[in-house]
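To keep things clear, I will list the structure first and then write my remarks on it.
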Amino acid sequence: MPFAWYFYSAIPRAMLSSVVLVPIGAALDRRVRTLLLPSMLFVLVYSLLPHKELRFIVYVVPVLNLAAARACSAIYEKRSVSVKHLLACLVVLGHLILNTMLSSDLLYVSSMNYPGGEAMEKLHQLEPKTEHVNVHVDVYTAQTGVSRFSQLHDNWIYNKTEGLQAGSWQMQQFTHLLIAASNRNSEQLLPYATTHSVQAIISGYKGIRIDRHRFPFIFIEAESKIFLLKKETVVSVVTSNAYSS
């Protein structure tokens, strides 16, 4: 990640529209600046590390919110001074509504980032607890929501062995497979075309599409991420007919 990633990406996404109020709050109150200084130094030090994640510096968010709240308070207290101040107050109130809407949208997008957990939940819905299930979980599925907390039944076998060849005899031993694929004709699914049936297709986040001709103009798109396969049991019945003359 670039050195300044926390400042131009992580913090603005965490604060949303409130980020523009942080410098205002700092300018209005010396106490806010006293709190912000060590917080920003903390972020600066962590910026030296090449690997960056929001969770590493999430502790500064309450301080940034405090600075934004100080700006909101100052603007609200002067709402009756003039029309200009009243308009500024309305903008502050509007930014809270905007933050609520953005937070809701981001929460929905985040829920689409765990197709693996949804796939495991679907498996538990489709198969009764008493059924013999030996499921193999591939790497992508395991990375997107499957954990020991989702292994609900002690009599089921949950296997996450890596490096097994697609279609090999080892893979054929499983009753169910959770495989990452984009469509039914994907290369990952071809080895199981004649031996397994598709029980469910789990979708996940693809991206955001802007359509100026349709309200609300911004649409969240999804695409197939994980296929739940079940091995078909072929029972051959031989019927013998006896003929008498």
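Numbers below:
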{"item": "Residue list for region 40-55, filter: open to solvent by 70 Å² or more (accessible area, probe 1.4 Å), modelled with pLDDT of 95 or more and under 23 Å from LEU66 (Cβ atoms)", "result": "LEU41, LEU44, VAL45, TYR46"}
{"item": "First in region 124-140 and over 14 Å from LEU152 (Cα atoms) and touching a residue at least 24 places away in the same chain (Cβ under 8 Å), second anywhere and hydrophobic (A, V, I, L, M, F, W, C) and part of a helix (DSSP H, G or I), Cβ under 7 Å, 6 or more apart", "result": "HIS136/MET171"}
{"item": "Residue in region 8-29 that is in contact with a Leu (Cβ under 9 Å, 6 or more places away or on another chain), β-branched (Val, Ile, Thr), free of Cβ contacts under 8 Å to residues at least 40 places away in the same chain and crowded, with 16+ Cβ neighbours inside 10 Å present", "result": "no"}
{"item": "Residue that is least open to solvent (accessible area, probe 1.4 Å), among those in region 103-152 that are over 19 Å from GLN199 (Cα atoms) and touching a Ser or Thr at 6+ places or on another chain (Cβ under 9 Å)", "result": "MET112"}
{"item": "Inter-residue pairs, beta-carbon under 7 Å, first hydroxyl-bearing (Ser, Thr, Tyr) and in region 46-66, second surrounded by fewer than 18 Cβ atoms within 10 Å (Cβ to Cβ), 6+ apart", "result": "TYR46/PHE56; SER47/PHE3; SER47/ALA4"}
{"item": "Pairs, first closer than 18 Å to MET112 by Cβ in region 207-220, second surrounded by 10 or more Cβ atoms within 10 Å (Cβ to Cβ) and of a type in the set (Lys, Arg), C-beta under 7 Å, six or more apart", "result": "PHE219/ARG209"}
{"item": "Subset of region 161-196 (residues that are in contact (Cβ under 8 Å) with a residue 40 or more places away in the chain and among the β-branched types (Val, Ile, Thr))", "result": "THR175, ILE179"}
{"item": "LYS206 vs. criteria open to solvent by less than 60 Å² (accessible area, probe 1.4 Å), under 30 Å from ASP105 (Cβ atoms) and part of a strand (DSSP E or B)", "result": "no"}
{"item": "From SER80, SER104, residue being at pLDDT below 95 and under 30 Å from the mean Cα position of the chain (by Cα)", "result": "SER104"}
{"item": "Close pairs from region 142-160: first under 16 Å from ILE226 (Cα atoms), partner of a type in the set (S, T, N, Q) and in a loop (DSSP other than H, G, I, E, B), Cβ under 7 Å, at least 6 apart", "result": "THR144/ASN113"}
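The values are calculated or read from the model by the stated rules, or taken from the named source; none is laboratory data. Because the structure is predicted, anything quoted here is derived from the model rather than measured. In this analysis, Cβ positions are derived from the backbone assuming ideal geometry, glycine residues included, and neighbour counts consider all displayed protein chains. Protein only, heavy atoms only, side chains kept; ligands, DNA and RNA dropped before computing areas. Shrake-Rupley method; radii C 1.70, N 1.55, O 1.52, S 1.80 Å.
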